[in-house]
Amino acid sequence: MNIRIFDDMQQASAAGAEIIAQAIAAKPDTVLGLATGSTPVAMYKELIRMNKAGEVDFAKVRSYNLDEYIGLDGTHDQSYRYFMDDNLFNHINIDKANTHVPCGTGADHAADAKHYDEMIEAAGGIDVQVLGIGNNGHIGFNEPDAVFHKGTHVVDLTDSTIDANKRFFASRDEVPKQAITLGMGGIMRAKKVLLLAFGKGKAEAVRAMVNGEIDPKVPASILQLHADVTMLLDADAASLL
Ligand code: PGA
């Protein structure tokens, strides 16, 4: 793993944006795997700035997001489709038709999950997968479990994830209890992985991911087996390494 430690989140986010811009310069129809949450927001802001400055062109870029809450459609302001539109897609020259977020409102989640994996495969796979990491070591919504799940699937969110995300909802009761997420197979098949983590709250998850056993109880630990992982950390997130 290529572990890069920065003084602060801004510098790490700028480095992440630069890596993505370079990938797009080399392959204009790059397939990006994108993440939501607070972690990538500063990197997305930098990509917006670079796009407006003519430094990166999203015209041919395709994107597949990691996950979506079950039960929230794209008009809900806590849905991940809404988040992506609001924090990135509405502000860059990407073709919305080329942006994909798993469907959390379909009648048949298993069929939707299978279709999502097939679409990614048909696109040639993910070139650069952006990841945050949960306090509990989750990536996407692959929660700690007895096994690593391969394909896109529906998960029950853990109490710790519901607690972490309740700040975005009017009350804890309104946080969806399930999500649909890309599986570990989909993430591991990405050609390049870019994982960002900031703040003391992530330090233990980062330590367990990098130095712990490869264990489905720390889903991110399987990235020890990936050939091209870059971690962009601030000093606090790296403090237990
Ligand atoms: P955060 O979430 O970016 O809001 O900290 C990360 C995650 O849960 O993967």
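The values are calculated or read from the model by the stated rules, or taken from the named source; none is laboratory data. This one's a predicted model, so the numbers in the text were calculated from it and none came from an experiment. Counting neighbours? That spans all protein chains shown, and the Cβs are built from the backbone with ideal geometry, glycine included.
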If we keep only residues of the range 118-149 that are away from the ligand (no atom under 16 Å from the Cβ), part of a loop (DSSP other than H, G, I, E, B) and among the β-branched types (Val, Ile, Thr), then the residue surrounded by the fewest Cβ atoms within 10 Å (Cβ to Cβ) is VAL147
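With respect to ALA12, is the statement that it is in a helix (DSSP H, G or I), under 26 Å from ALA179 (Cα atoms) and among the hydrophobic types (A, V, I, L, M, F, W, C) true?
On the way: in a helix (DSSP H, G or I): yes; under 26 Å from ALA179 (Cα atoms): no; among the hydrophobic types (A, V, I, L, M, F, W, C): yes.
In short, no.
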Of the residues that make up the range 178-201, is at least one among the basic types (Lys, Arg) and touching a Leu at 6+ places or on another chain (Cβ under 7 Å)? no
Considering residues of the range 53-66 that are under 22 Å from MET9 (Cβ atoms) and touching a residue at least 24 places away in the same chain (Cβ under 8 Å) only, the residue surrounded by the fewest Cβ atoms within 10 Å (Cβ to Cβ): GLU55
Within the bounds of the range 60-72, is there any residue that is more than 15 Å from the ligand (Cβ to nearest atom), under 26 Å from MET231 (Cα atoms) and among the polar types (S, T, N, Q)? yes
THR152 over 18 Å from the mean Cα position of the chain (by Cα), hydroxyl-bearing (Ser, Thr, Tyr) and at pLDDT 95 or above: no
Checked ILE19, ILE5 against criteria (assigned to a helix (DSSP H, G or I) and β-branched (Val, Ile, Thr)); the one match is ILE19
Give me the residue from the range 96-112 that is touching a residue at least 60 places away in the same chain (Cβ under 8 Å) and surrounded by 22 or more Cβ atoms within 10 Å (Cβ to Cβ) and, out of that set, farthest from ALA42 (Cα to Cα). GLY104
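Residues that are hydrophobic (A, V, I, L, M, F, W, C), within 13 Å of the ligand (Cβ to nearest atom) and surrounded by fewer than 16 Cβ atoms within 10 Å (Cβ to Cβ): find the helices (runs of 4 or more DSSP H) completely inside the range 150-236 holding 2 or more of those. Give the derivation first.
Working: elements: 159-165, 184-188, 203-211.
Of the helices (runs of 4 or more DSSP H) lying wholly inside the range 150-236, none has at least 2 residues that are hydrophobic (A, V, I, L, M, F, W, C), within 13 Å of the ligand (Cβ to nearest atom) and surrounded by fewer than 16 Cβ atoms within 10 Å (Cβ to Cβ).
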With the checklist (1) part of a loop (DSSP other than H, G, I, E, B); (2) within 15 Å of the ligand (Cβ to nearest atom) in hand, flag the one item ALA107 doesn't pass. (2)
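Give me the residue from the range 28-39 that is within 15 Å of ILE94 (Cβ to Cβ) and not acidic (Asp, Glu) and, out of that set, surrounded by the fewest Cβ atoms within 10 Å (Cβ to Cβ).
First pass over the range 28-39, keeping only residues within 15 Å of ILE94 (Cβ to Cβ): 28-34.
In the following step, the residues that additionally are not acidic (Asp, Glu) were identified as 28, 30-34.
On the way: PRO28: 12, THR30: 23, VAL31: 22, LEU32: 26, GLY33: 26, LEU34: 25.
If we take residues in the range 28-39 being within 15 Å of ILE94 (Cβ to Cβ) and not acidic (Asp, Glu), then PRO28 is surrounded by the fewest Cβ atoms within 10 Å (Cβ to Cβ).
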